[in-house]
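Encoded as structure tokens, the structure appears first; notes follow it.
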Amino acid sequence: MKIIDLLTNGKMSLSFEVFPPKTETGFESVKTSTEEIAKLNPSFMSVTYGAGGGTSKYTLDIAKNIMALYGVPSLAHLTCVSSTRQTVKERIEEIKASGIQNVMALRGDIPKELELSDRSKWDYRYAVELVRELKNSDADFCIGGACYPEIHPESINQNEDIKRLKEKVDAGCDFLTTQMFFDNNLLYNFLYKIREAGITVPIIPGIMPITNANQLERALKLSGSFIPQRFKSLVDKFGSNPAAMKEAGIIYATDQIIDLYANGITNVHVYSMNKPDVAAKIQSNLSDILKNE
Ligand code: FAD
């Protein structure tokens, strides 16, 4: 099933993101936790891709497993920045052969060992090039792209970032998923600006439930997201009490999601980080809302 069809059916729904193991030894435990999440019957599940491709096999294995055993549509992530054209071509063929119809086309973070001055030698510099390649393949993929309500850290300003985003969408993205954010007003402002810039594809807000204080530090390092005072107070108060922090983080994320639904968003993507208990709690908090009656 193509994700774009889910996004345009007018029903409120929830999807979850999982990540593949880094090594063969971690495979069984990741498989088990992703299956637990799949049993919740989300609208779809996305499986991330280790930049550089080292875990690419696991991304596909997990994505196929979810689809085959539980009938949950899967979205396979694919990055391009440190890959050759030949490798990307092979990955696209593998995704096609596995029957997965949805691909998240990403550039990936630039590995430290790649010198910026060597950019001209890279096979890929931006995600838009991967989008074009997927679009030109004969697989008829539903293609997603990433977007940044608080701008991508490398962008000089938001207008430039949105201009580049429009090029990526025009190249063939069917939908966009956002970077995590902790203040919904940032998303609403972003939506206003991108619609004004002529980007009309569905936007899936990405929500990260922060369930421990260390995770917040890691997430901030990755995304540079703004933390509202309301959320800072919550971490200050409960950060040293793991059970309380988990409960508070899940409720904060649930509250963000309810506000998004109330303001017309239909699908919300949860960065569930291979944690079935967190995914299940958020889903059960929303059970009557998700009945769509
Ligand atoms: P791009 O769209 O290429 O944008 C990167 C930067 O380049 C932006 O500043 C943009 O404005 C600029 N730009 C774009 N095109 C041009 C151009 N033609 N000329 C000049 N500037 C340009 N990483 C992983 O490794 N694996 C994953 O599975 C993964 N999943 C993700 C899922 C989501 C929803 C998000 C938001 C991010 C994910 N990432 C993942 C991280 C992502 O790879 C990084 O944020 C990366 O730095 C940018 O990727 P992109 O696809 O947004 O790049």
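Every number in this text was worked out from the coordinates using simple rules, so none of it is lab data. All values derive from a computational prediction rather than experimental measurement. Note: ideal-geometry Cβ built from the backbone for every residue, glycine included; neighbour counts use all protein chains shown.
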(message) List the aspartates and glutamates whose Cα sits under 20 Å from the Cα of Lys135, skipping any in the same chain fewer than 8 residues away.
(response) Asp5, Glu90, Glu93, Glu94, Asp123, Glu167, Asp170, Asp174
(message) At a 10 Å Cβ-Cβ cut-off, how would you order Ile92, Ile110, fewest neighbours first?
(response) Ile110, Ile92
(request) Note down the magnitude of the dipole of the stretch 98-225 about its Cα centre, charges +1 on Lys and Arg C-beta and -1 on Asp and Glu C-beta and zero elsewhere, to the nearest 20 debye. (result) 160
(request) Mind putting a number on the dipole of the chain about its Cα centre? Charges go on the C-beta only, +1 for Lys and Arg and -1 for Asp and Glu, and I need it in Debye to the nearest 20. (result) 140
(message) Compute, for the stretch 49-138, the length of the dipole vector about the Cα centre, with Cβ point charges of +1 (Lys, Arg) and -1 (Asp, Glu) only. Units Debye, rounded to 20.
(response) 140
(request) Could you give the DSSP H helices of the chain that reach 27 angstrom or more along their long axis (alpha carbon positions) and whose average Kyte-Doolittle hydropathy is no lower than -1.0? (result) 242-262
(request) For Thr200 and Thr84, calculate 0.36 nm times their separation in residues minus their Cα-Cα distance, and state this gained length in nm to one decimal. (result) 38.6 nm
(request) May I ask you to derive the relative contact order of the stretch 136-293, considering only C-alpha pairs under 8 Å and at least 6 residues apart, and to give it as an integer percent? (result) 22
(message) For a Förster distance of 25 Å, can you work out the FRET efficiency between the beta-carbons of Ala244 and Ala280, rounded to the nearest 0.05?
(response) 0.85
(message) Using a 7 Å offset from the Cα along the Cα-to-Cβ direction at both Leu186 and Leu220, what is the distance between the two label points in nm, to one decimal?
(response) 1.2
(request) Note the full-extension length gain between Glu154 and Lys291 as 0.36 nm times their separation in residues minus their Cα-Cα distance, in nm to one decimal. (result) 45.3 nm
(message) Given contacts defined as C-alpha pairs under 8 Å and at least six residues apart, what's the relative contact order of the stretch 1-121, whole-number percent?
(response) 24
(request) Excluding residues on the same chain fewer than 8 positions from Lys11, give the lysines whose Cα lies under 21 Å from its Cα. (result) Lys2, Lys39, Lys281, Lys291
(message) Taking the beta-carbon count within 10 Å as an exposure proxy, list Phe226, Phe19 from fewest neighbours to most.
(response) Phe226, Phe19
(message) Sort Ile199, Ile204 by Cβ crowding within 10 Å, fewest neighbours at the top.
(response) Ile199, Ile204
(message) Based on C-alpha coordinates, I'd like the Rg and Dmax of the stretch 1-75, in Å.
(response) 12.6, 41
(request) May I ask you to derive the relative contact order of the chain, considering only C-alpha pairs under 8 Å and at least 6 residues apart, and to give it as an integer percent? (result) 21
(request) Would you work out which of Tyr70, Thr84, Ser56 lies farthest towards the positive end of the dipole of the stretch 54-122? Charges go on Cβ: Lys and Arg +1, Asp and Glu -1. (result) Thr84
(request) Could you pull out every one of the lysines with an alpha carbon less than 18 Å from that of Lys112, ignoring same-chain neighbours closer than 8 positions? (result) Lys121, Lys221
